[in-house]
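*Asks:* Shown below is the structure under consideration.
The values are calculated or read from the model by the stated rules, or taken from the named source; none is laboratory data. No experiment lies behind these values; they were computed from the predicted model shown. All Cβ positions, even for glycine, are placed from backbone atoms using ideal geometry, and neighbour counts span all protein chains on display. Only protein heavy atoms, including side chains, enter the accessible area calculation; ligands, DNA and RNA are left aside. Shrake-Rupley method; radii C 1.70, N 1.55, O 1.52, S 1.80 Å.
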Amino acid sequence: MTLTVVDMHTGGEPLRIVTGGYPRIPKGTILEKRAYVRDHLDHLRKILMFEPRGHYDMYGALLVEPDLPGADLAVLFMHNEGYSTMCGHAIVALGRYAIDEGLVAKQEPITTVNIEAPCGLVVASVEVLDGKAGAVSFESVPAFLFAGDQQIELTRYGKIGFDIAYGGAFYALADCHQFGLEFGRDRVRDFVDAATTLTNRLKAEFPLSHPDHADLAFLYGTILTDGRDAFSGEVTKNICVFAEAEVDRSPTGSGVTARLAAMLAKGEIAIGQTRTFDSIAGSRFSGAVARTARAGPHEAIIARVGGRAYYSGRAEFIVEPDDELGRGFLLR
């Protein structure tokens with residue numbers, strides 16, 4: 001078995017793009033492809049995401065044949081738990097990758113790359129200067145506030161206020177100060193524990209629904225913020241803890257989208273205002289509400305989120321037949 005990859009990162013968050021070694025994925029919708037890979041090829045995810053080739057917080061992308069008209073490429077996202085429905089940092093990286101690999105025709109000053117994700121069509125706009133791809137922004141699927149100003153009692157932390165918003169995936173949004181946490185003072189581990197506690201309770205007790213497909217209706221994680229939701233010139237910081245307590249090093253593209261949807265719904269930002277979002281690693285995304293939209297019964301937005309991606313390596317991975325640990329393991 002040989003698997004080849006290109007490694008990139010967006011704001012410090014890794015993206016391992018599979019370039020060879022997967023068998024052909026049967027035709028169907030993107031959600032059917034996601035189900036097929038999950039049910040029949042999950043051993044390959046573990047080889048690429050888990051140790052000894054990856055790590056607990058590794059993230060991956062598998063390009064598949066697009067199904068939607070007008071899509072230039074389609075992608076399945078993978079991580080330590082399984083397969084997500086949207087990933088903004090991956091879209092930023094794939095926008096640049098698509099140009100560099102000739103998957104779309106290069107145009108200056110902006111090349112548009114239409115990327116089919118499990119949540120729907122995402123449109124990436126890639127800056128091109130002197131033939132080189134640079135910064136990328138994207139407009140994702142309609143995002144909306146699903147439930148605002150909710151409260152729940154957590155044994156360790158007391159009463160916690162939160163919102164749930166959709167930005168291609170569902171997130172709980174909560175001010176970190178409610179958990180006694182402060183960015184720059186407390187350990188990442190403390191943020192992970194708090195976010196995971198909230199996520200697990202809400203998964204058990206707070207049912208979700210999505211107007212397009214039941215496969216989209218799951219809580220992907222929790223984003224803890226610095227509470228600076230109202231628009232200002234200040235940078236606002238957040239940390240996203242998703243999947244199986246995985247920590248996003250970037251500000252989280254789909255998370256920024258979800259935050260913007262909640263901000264507009266609560267009157268904390270206006271259409272066209274651009275906000276800067278800072279990650280736990282100090283990387284930054286820009287985010288703005290481009291326009292309003294609808295998602296079934298929900299008033300929604302189309303957000304525009306921007307960042308930069310960089311290459312970090314290329315690799316060829318093998319698994320020897322008698323290497324049990326080589327099939328992938330996690331210690332954390």
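*Asks:* What are the residues in the stretch 303-319 that are over 15 Å from VAL5 (Cβ atoms), in a strand (DSSP E or B) and open to solvent by 30 Å² or more (accessible area, probe 1.4 Å), if any?
*Replies:* Correct list: ARG304, TYR310.
*Asks:* Here is a further query. Looking only at the stretch 102-129, how many residues end up being in contact with a strand residue (DSSP E or B) (Cβ under 8 Å, 6 or more places away or on another chain), within 26 Å of ASP212 (Cβ to Cβ), of a type in the set (A, V, I, L, M, F, W, C) and surrounded by 23 or more Cβ atoms within 10 Å (Cβ to Cβ)?
*Replies:* Total satisfying the criteria: 5.
*Asks:* When only residues in the stretch 260-291 that are of a type in the set (Lys, Arg) and under 20 Å from the mean Cα position of the chain (by Cα) count, which is nearest to PHE183 (Cα to Cα)?
*Replies:* For the stretch 260-291, the residue satisfying everything is ARG284.
*Asks:* Look through the stretch 75-93, keep the residues that are free of Cβ contacts under 8 Å to residues at least 60 places away in the same chain and farther than 25 Å from LYS132 by Cβ, and return whichever of them is most open to solvent (accessible area, probe 1.4 Å).
*Replies:* Only one residue fits best here, namely TYR83.
*Asks:* Among the numbered conditions (1) of a type in the set (Ser, Thr, Tyr); (2) over 30 Å from PHE329 (Cβ atoms); (3) open to solvent by less than 10 Å² (accessible area, probe 1.4 Å), tell me where THR274 comes up short.
*Replies:* Exception for THR274: condition (3).
*Asks:* So which pairs qualify, if the first residue must be in the stretch 30-43 and within 18 Å of ASN80 (Cα to Cα), the second must be outside any helix (DSSP H, G or I) and of a type in the set (Gly, Ala, Ser), the Cβ gap must be under 7 Å, and the two must be at least 6 apart or on different chains?
*Replies:* Here the result reads ARG38/GLY82, each pair linking the stretch 30-43 to a residue that is outside any helix (DSSP H, G or I) and of a type in the set (Gly, Ala, Ser).
*Asks:* Counting only residues that are hydrophobic (A, V, I, L, M, F, W, C), out of contact with any helix residue (DSSP H, G or I) (no Cβ under 8 Å at 6 or more places or on another chain) and within 13 Å of ILE302 (Cα to Cα), how many does the stretch 264-287 have?
*Replies:* 2
*Asks:* Based on what the data block shows, is LEU48 part of a strand (DSSP E or B) and open to solvent by less than 10 Å² (accessible area, probe 1.4 Å)?
*Replies:* No: the conditions fail for LEU48.
*Asks:* Consider GLY296 carefully, then state whether it is buried (at least 18 other Cβ atoms within 10 Å of the Cβ) and either at pLDDT 95 or above or hydrophobic (A, V, I, L, M, F, W, C) (or both).
*Replies:* No; evaluated as a whole, the condition is false for this residue.
*Asks:* For a quick check of your reading of the model, give me the residue pairs whose first member lies in the stretch 197-224 and is among the aliphatic types (A, V, I, L, M), whose second is in a helix (DSSP H, G or I), with beta-carbon atoms closer than 6 Å and at least 6 apart or on different chains.
*Replies:* Taking only residues 6 or more apart or on different chains, the pairs are LEU219/LEU202; LEU219/LYS203; ILE223/GLY255; LEU224/CYS176; LEU224/PHE191; LEU224/ALA195.
*Asks:* I would also like to ask the following. Please specify each residue of the stretch 261-284 satisfying the condition of being small (Gly, Ala, Ser), within 14 Å of LEU145 (Cα to Cα) and in a loop (DSSP other than H, G, I, E, B).
*Replies:* Matches in the stretch 261-284: GLY267 only.
*Asks:* Working only within the stretch 1-41, note down all residues that are under 22 Å from VAL247 (Cβ atoms) and not hydrophobic (A, V, I, L, M, F, W, C).
*Replies:* Residues satisfying the conditions are ASP7, HIS9, THR10, GLY11, GLY12, GLU13, PRO14, ARG16.
*Asks:* Turning to a different aspect of this structure: Might you let me know whether the stretch 252-260 holds any residue that is assigned to a loop (DSSP other than H, G, I, E, B), on the phi > 0 side of the Ramachandran plot and β-branched (Val, Ile, Thr)?
*Replies:* yes
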